[in-house]
Amino acid sequence: MENPTEKFMKITTAMILAAGFGKRMRPITDTIPKPLVPVLGQPMLGTIIDQLKASGFDRIVVNGFYLKEQIRDFLENKNDASLVFSEEDSILETGGGVTLALPKLGDNPFVVINGDVCWLDGAEPALDRLVEHWDESKMDALLLLHPTSSAIGYEGNGDFTMNPEGYLARKNESDPAPFVYAGIQILHPKLFKDAPEGAFSLNEIFDKALADNRLCGLKHDGEWFHVGTPEGLIEVEGILRNKMRPLLNR
């Protein structure tokens, strides 16, 4: 019998990945870490923190390596005890960064968000939908996915296919896939048992869940933007400005 407490567990801890170099965003990122690059005047990291707060997250861990003093100062200037900095002495990539931060994240499932994600919610906040969809009886990882065909600024071939029950499979290398991973996920800490030391990608964690048929997805019902380059940033800001103009003129 399904345990209802497993399916409806309230998840209130999150981690934002903010340690990377942001090489494709150069020259902007020569002097500022990518998560602090502003979109419509607000650093992406600040927008993500605001969205997490609005969805009830009360512990938010943020890692930093490249220009990490700026990330640390940004968090300290918020004077918010719920924001916790995870400092890295070497680049650990996404998987290694989460592994280092595990003592700060606790023993329950947690959300992980890329520090350069930009999205608009649909009828319900995406973070709320993701938490409501979490079901520990059937999944160890739950990824927010966006349709490849409508991902703004994204030029890749997608990442995953998804069956009607929500289970994921990786696409064949040369073929397009209907969904791109949107950089937002829920992970169970047990996936990091026996994790490699040092730098490694969260793709290894996804593959571990996939091997046990416990990698699931949720289709995003709003809009999602890939902010990858300075040119892409200009495009995304233009689109968002046009979408917000009717609200500002009310």
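The values are calculated or read from the model by the stated rules, or taken from the named source; none is laboratory data. Note that the structure is a prediction, hence the values are computed from the model and not measured. Glycine gets a Cβ as well: all are built from the backbone with ideal geometry, and neighbour counts include every protein chain shown. Please note that ligands, DNA and RNA were not included when accessible areas were found on the heavy atoms of the full protein model with its side chains. Shrake-Rupley method; radii C 1.70, N 1.55, O 1.52, S 1.80 Å.
Among the residues that make up region 33-42, is at least one of them at pLDDT 95 or above and in a loop (DSSP other than H, G, I, E, B)?
Among the residues of region 33-42, at least one is at pLDDT 95 or above and in a loop (DSSP other than H, G, I, E, B), which makes the answer yes.
Before we move on, is Asp89 open to solvent by less than 50 Å² (accessible area, probe 1.4 Å) and of a type outside the set (Val, Ile, Thr)?
For Asp89, the condition - open to solvent by less than 50 Å² (accessible area, probe 1.4 Å) and of a type outside the set (Val, Ile, Thr) - is not met.
Counting just the residues of region 84-129 that are in contact with an Asp or Glu (Cβ under 9 Å, 6 or more places away or on another chain) and among the aromatic types (Phe, Trp, Tyr), which one comes out modelled with the lowest pLDDT?
Trp119
Taking interchain pairs and intrachain pairs at least six residues apart, which have beta carbon atoms under 8 angstrom, with the first residue in region 100-122 and acidic (Asp, Glu) and the second part of a loop (DSSP other than H, G, I, E, B)?
Going by the 8 Å Cβ cut-off, the qualifying pairs are Asp116/Gly22; Asp116/Val37; Asp116/Val227; Asp121/Gly222.
Restrict the check to region 116-124 and report whether at least one residue is over 19 Å from Glu223 (Cβ atoms) and aliphatic (A, V, I, L, M).
Scanning region 116-124 turns up no residue that is over 19 Å from Glu223 (Cβ atoms) and aliphatic (A, V, I, L, M).
So Lys78 fits all but one of (1) surrounded by fewer than 15 Cβ atoms within 10 Å (Cβ to Cβ); (2) among the charged types (D, E, K, R); (3) modelled with pLDDT of 95 or more; what number is the exception?
Unmet condition: (3).
Applying the selection to region 120-129, what residues are outside any strand (DSSP E or B), out of contact with any Ser or Thr (no Cβ under 8 Å at 6 or more places or on another chain) and not basic (Lys, Arg)?
Asp121, Gly122, Ala123, Glu124, Ala126
Looking at (1) modelled with pLDDT under 95; (2) of a type in the set (Asp, Glu); (3) out of contact with any helix residue (DSSP H, G or I) (no Cβ under 9 Å at 6 or more places or on another chain), which one does Glu69 not meet, given that it meets all the others?
Of the numbered conditions (1) modelled with pLDDT under 95; (2) of a type in the set (Asp, Glu); (3) out of contact with any helix residue (DSSP H, G or I) (no Cβ under 9 Å at 6 or more places or on another chain), the odd one out for Glu69 is (1).
Residues are listed down the side, and each one gets a yes or a no for (1) in a helix (DSSP H, G or I); (2) under 17 Å from the mean Cα position of the chain (by Cα):
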{"residue": "Gln70", "(1), (2)": "yes, no"}
{"residue": "Val98", "(1), (2)": "yes, yes"}
{"residue": "Ala101", "(1), (2)": "yes, yes"}
{"residue": "Val112", "(1), (2)": "no, yes"}
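Might you check whether a residue that is within 20 Å of Glu197 (Cα to Cα) and part of a helix (DSSP H, G or I) occurs anywhere in region 78-94?
yes
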